[in-house]
Amino acid sequence: MPQPDDSAIDLAPFELLTETADQPVYDLPTRLRDVYAGAIGFESPCVYANFVSSVDGVVTLGPEQSSPGSLISGNSRADRFVMGLLRACADTVLLGAGTLRDSPGHRWTPAHVFPDAAAEFAELRRRLKRTESPRLVVVTAGGDIDVLHSGLVPGSVIVTSDVGARHLMHRLPAGVEVRSLGEPPNLSVQRVVESLRGDGDGVILTEGGPTLVGQLLRGHLVNELFLTLSPVLLGRSSSEPRPGLVDATAFAVASAPALSLSSARRHGSHLFLRYAVEGTRWPASPPSAVPPEAAPVAR
Ligand SMILES: NC(=O)c1ccc[n+]([C@@H]2O[C@H](COP(=O)([O-])OP(=O)(O)OC[C@H]3O[C@@H](n4cnc5c(N)ncnc54)[C@H](OP(=O)(O)O)[C@@H]3O)[C@@H](O)[C@H]2O)c1
């Protein structure tokens, strides 16, 4: 594991614009705190989502364009830092197979997105008594994924249907688990989350994509949303639909998930917004129920 050294992280600090006072906070290494302009933490259990979007709401550019998040963020190092920090806080990173397919060569670790803070992310995980990296969990109905994808490492889990499991069985690298939740192929996302909770994973980060997150939101399973607003307008057309962060799910206006702003930071013209999602099925436990080793510390 990399060890922190004396050099500062080469990224100008975020500017904290607003933050509610009731946020749980982890014991962040000083250099992470300095750059992030404050602390961060999560109660357990919780599910939090992270997306980068253009100002007009585009989060993906279509199947021909791999790794659209980097393009949409303008390759923002500040966005990559936040991605790394959010991963460093999580037991699990949960993805839909579409995001895995569109991210060749990626690894869902804190250090992969922001290597300059690898040592500090590792130190944070040591303090939280988390494993070296969050485990990757991919949801697929049909199992049509690249079994040699670099993100699938020992400990990763593919949650799928019986059909998907038959397709993947005996093809995955050693240590990658195939977990069938049975028929039908379109899995209940509530059962997916329950299955991860059954493994003891309290703090779940989902990095999407829009299809999976739409279902998680419809199931009232997302506690918080981290949204990076990138200072660009990308537009869309019938030939390039360019979904927003919820796709294949439409909410009635009267019952749409309501968000309340927990914090806002800026880095240049990028905005980093943290929202609480109201009416979530699994409210975070009261502090007394958080395991002592992962308990938030006082600010
Ligand atoms: N800008 C950002 O921050 C951001 C974040 C995340 C993703 N993205 C982009 O979004 C795009 C992918 O979007 P997407 O909506 O297609 O992807 P997605 O939600 O990641 O994946 C959709 C796929 O996940 C599986 N899936 C989802 N829900 C399921 C369920 N209930 N049961 C079984 N399988 C389920 C299915 O896989 P199978 O087809 O294998 O059955 C489905 O086709 C990519 O370009 C990605 O890079 C952008």
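The values are calculated or read from the model by the stated rules, or taken from the named source; none is laboratory data. This structure is a prediction, so every number in the text was calculated from the model and none was measured. Reconstructed Cβ throughout: ideal geometry from the backbone, glycine too, with neighbour counts over all protein chains shown. Keep in mind that these areas ignore ligands, DNA and RNA; they rest on the heavy atoms of the full protein, side chains included. Shrake-Rupley method; radii C 1.70, N 1.55, O 1.52, S 1.80 Å.
Loop-resident GluC sites (Glu not before Pro) (DSSP state other than H, G, I, E or B) in region 110-149 with no more than 14 further Cβ atoms inside 10 Å of their Cβ: Glu132. Annotation: extensible slack from Asp162 through Arg179 equals 5.2 nm (criterion: 0.36 nm per residue apart, minus Cα-Cα distance). Direction-averaged projected area, Cα convex hull, the chain: 15.4 nm², rounded to one decimal. Spacing of the modelled spin labels on Arg191 and Thr30, each 7 Å from Cα toward Cβ, amounts to 5.1 nm. The residues of the chain expose, per residue, 44 Å² of accessible area to a 1.4 Å probe. Net length available on complete extension from Gln65 to Asp10 is 16.9 nm, with 0.36 nm assigned per residue and the Cα-Cα distance removed.
In this calculation the C-beta distance from Arg171 to Ser255 is compared with R0 = 45 Å, giving a FRET efficiency of 0.60. Estimated from helices alone, the mean residue ellipticity of the chain at 222 nm is -6000 deg cm²/dmol (sum of -39500 (n - 2.57) over DSSP H runs with n ≥ 4, per residue). For the chain, the share of accessible area belonging to carbon and sulfur comes to 54 percent (1.4 Å probe, ligands and nucleic acids excluded).
Dipole of the chain computed with +1 at Lys/Arg Cβ and -1 at Asp/Glu Cβ about the Cα centre; of Ile9, Asn186, Gly57, farthest Cα towards the positive end is Asn186. Would any residue of region 56-88 have its amide N under 15 Å from a label point 7 Å out along Cα→Cβ of Arg266? List them or say none. Backbone N within reach: none found.
Cα gyration tensor of region 58-148, axes a ≥ b ≥ c as square roots of the eigenvalues: rounded (a/c below 1.5), prolate (a/b > b/c) or oblate? Oblate.
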